[in-house]
Amino acid sequence: MASHFLNGQPFALLFRTFREKGAELYLVGGAVRDLLLGQKPEDWDFTTSAAPEQTIRFLQDAFPQHQPILKGRRFGTIGVDLSDSNRKMSFEITTFRKEDGYRDRRHPDKVAFQASVTDDVRRRDFTINGLWMDENGVVFDAVGGFSDLKRRTVRCIGEPKTRFAEDPLRKWRGVRFAAQIGGQMAPKTRAAILASPDTKGVSFERLREEWTKMLLNPNAAFALKELQALGLWDDLLGRLDTPEIGTLSQKNCESAETLPLDLEMRLAWLFQEAPDESRRLFLKRLRFSKKEIQKVAALMIFKEIDCTDIVAFKTLLREAGLSVFEQALTLQELRTPESPNNRSCLTQILNHREPIAYQDLAVGARDLMALGFQGKAVGGALERLCRLVYAHPEVNKKERLLEAAAKIANEEKV
């Protein structure tokens with residue numbers, strides 16, 4: 001699998017360019033890990049002996065139509081985006097470097113480019129991310145990452161306390177990687193997190209990104225339970241000041257990973273017992289988007305859907321929209337498999353094309369205004385006609401609805 005990716009464009013051209021310029025270039029980190037696991041990498045990171053200025057020139061020679069982007073002169077990272085209408089492709093190349101000091105608990109205070117590839121990988125977080133690969137697909141290992149990957153073990157490179165002090169987000173990343181490879185953290189690595197689950201200084205955006213990746217992981221249940229077992233979940237609730245969220249039940253964690261890989265569905269499922277305002281605050285403070293928060297709130301109707309009240313059933317369908325309603329039904333079926341025949345009821349409504357939206361009615365706003373309805377009274381009348389048609393789809397005829405509207409007008413003295 002590795003040779004398939006590295007021998008194809010654009011990587012073959014990339015390796016050849018650096019080789020002809022006399023510079024070392026290797027695929028490194030998560031991409032190597034994923035290839036060895038038989039997975040397609042999401043991110044492509046390379047490391048090189050070339051200085052950042054040289055890397056820019058080499059990339060301009062290899063890909064003259066694409067402008068290299070200097071991601072940070074201090075860190076020597078150059079990014080290139082080769083995406084077009086047919087594919088999405090980008091990668092980053094970083095000069096071999098050594099690091100020292102992490103006063104901001106994320107970025108090194110000092111960076112030295114006079115380093116080798118082994119120096120470069122020894123500064124990384126976990127052994128499974130410390131592997132590197134040449135253009136022929138040969139894997140090199142100076143930190144024990146290959147054997148740890150075979151054992152499905154996440155182990156810090158060097159002293160765990162030091163690695164976590166440099167960047168506390170690595171505590172969350174360790175959990176995520178263990179879930180991703182279907183394994184466990186090494187005892188010493190795990191013990192270091194358990195002893196100090198503090199993530200002070202880590203932005204909520206970065207924590208949200210890690211948690212989202214865990215939620216959409218096939219082993220989401222393991223990740224969720226491990227966060228709680230290590231104290232990382234309580235640390236997060238404390239930082240967000242949302243203690244009402246409380247512990248995520250083991251049952252909900254285990255069943256969450258049986259749901260489709262949909263972020264909002266899994267969030268709605270996990271927070272089904274949480275008070276609405278506490279859930280909203282948690283998601284808002286963790287920097288989820290307004291759209292995501294609203295979608296989670298909309299999905300909570302899964303606790304209310306009941307086709308024995310057909311008017312309420314169709315009203316929820318109209319307000320939520322078909323896509324959200326169907327997802328809510330999936331959540332409901334997981335929660336109460338013996339629930340009423342709501343799915344077959346929806347199928348019948350769709351097959352018979354029963355009216356749901358105001359636009360499905362045989363009369364519209366203009367017809368109502370002709371009867372004397374004005375302003376908000378138009379919407380109120382449409383709502384009442386909708387409810388009538390929900391209960392009796394056969395009355396959705398213009399003449400009959402105009403008669404019903406005339407009665408409404410008389411009642412309200414329009």
Report summary line: With 0.36 nm assigned to each residue of separation and the Cα-Cα distance removed, residue 152 to residue 309 gains 51.4 nm
Query raised in the report: Arranged by the count of other C-beta atoms within 10 angstrom, fewest first, what order do 280, 287, 33 take?
Result: 287, 280, 33
Requested in this report: Work out from phi, with θ = phi - 60° and the Karplus expression 6.51 cos²θ - 1.76 cosθ + 1.60, the ³J(HN,Hα) of each residue of segment 239-249, listed in order in whole Hz, and give x for Gly and Pro.
Outcome: 5, 7, 6, 10, x, 5, 4, x, 7, 7, 5
Query raised in the report: Among all the lysines, which ones have a C-alpha under 18 Å from residue 161's C-alpha, if same-chain residues fewer than 8 places away are not counted?
Result: 171, 188, 200
Query - At most 16 other Cβ within 10 Å, DSSP loop - GluC sites (Glu not before Pro), segment 250-281 - result: 273
Requested in this report: Excluding residues fewer than 8 places away in the same chain, name every one of the lysines whose C-alpha is closer than 22 Å to that of residue 398.
Outcome: 314, 376, 407, 413
**Report entry** Within a Gaussian network of the chain (alpha carbon springs, distance under 10 Å), most fluctuating of 143, 117, 311
**Finding:** 311
Query raised in the report: Taking H as built 1.01 Å from N, whose amide H comes closer than 5 Å to the amide H of residue 185, not counting residues under 5 places away?
Result: 154
Report summary line: Once amide hydrogens are built 1.01 Å from N within the peptide plane, the residues lying 5 or more places from residue 90 or on another chain with amide H under 5 Å from its amide H are 82
Report summary line: If R0 = 60 Å, then residue 16 and residue 410, at their Cβ-Cβ distance, give a FRET efficiency to the nearest 0.05 of 0.10
Query raised in the report: How far apart, in nm, are two points set 7 Å out from the Cα along the Cα-to-Cβ line at residue 284 and at residue 23?
Result: 4.8
**Report entry** Whole-Hz ³J(HN,Hα) from phi, Karplus 6.51 cos²θ - 1.76 cosθ + 1.60, for segment 141-147, glycine and proline x
**Finding:** 8, 10, 10, x, x, 5, 5
**Report entry** Residues of segment 292-316 with amide N under 19 Å of the 7 Å Cα→Cβ point at residue 334
**Finding:** 292-306
Query raised in the report: Among 392-405, 17-30, how do they line up from the highest to the lowest mean number of other beta-carbon atoms within 10 Å?
Result: 17-30, 392-405
Query raised in the report: Taking Cα centroids, how far is segment 338-388 from segment 118-184 in Å?
Result: 58
Requested in this report: Could you pull out every residue, at least 5 positions away or on a different chain, whose amide H is within less than 5 Å of the one on residue 126? Hs are placed 1.01 Å off N in the peptide plane, and Pro or chain starts have none.
Outcome: 157
Requested in this report: Grab the Cα-Cα distance for residue 203 and residue 162, subtract it from 0.36 nm times how many residues apart they are, and report the gain in nm with one decimal.
Outcome: 12.8 nm
**Report entry** Integer Hz, Karplus 6.51/-1.76/1.60 couplings in order for segment 252-261, x for Gly and Pro
**Finding:** 5, 5, 5, 7, 4, 6, 8, 6, x, 6
Requested in this report: Mind sorting out which of (1) 1.12; (2) 0.96; (3) 1.05 is the real Rg/Rh (Cα atoms, Kirkwood Rh) computed from the coordinates?
Outcome: (1)
Report task. Please give the peptides 291-297, 189-195 ranked by average Cβ packing (other Cβ atoms within 10 Å per residue), highest first, as a rough proxy for protection. Result -> 189-195, 291-297
Report summary line: Other residues with Cβ under 14 Å from the Cβ of residue 89 give, with Lys and Arg +1 and Asp and Glu -1, a net charge of -3
Report task. Using 0.36 nm per residue of separation minus the Cα-Cα distance, give me the extension gain between residue 89 and residue 136 in nm, one decimal. Result -> 14.9 nm
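Any read-out appearing in this document is the output of simple, stated calculations on the displayed coordinates, not a laboratory observation. Since this is a predicted model, take the numbers as computed values, not measurements. Glycine gets a Cβ as well: all are built from the backbone with ideal geometry, and neighbour counts include every protein chain shown.
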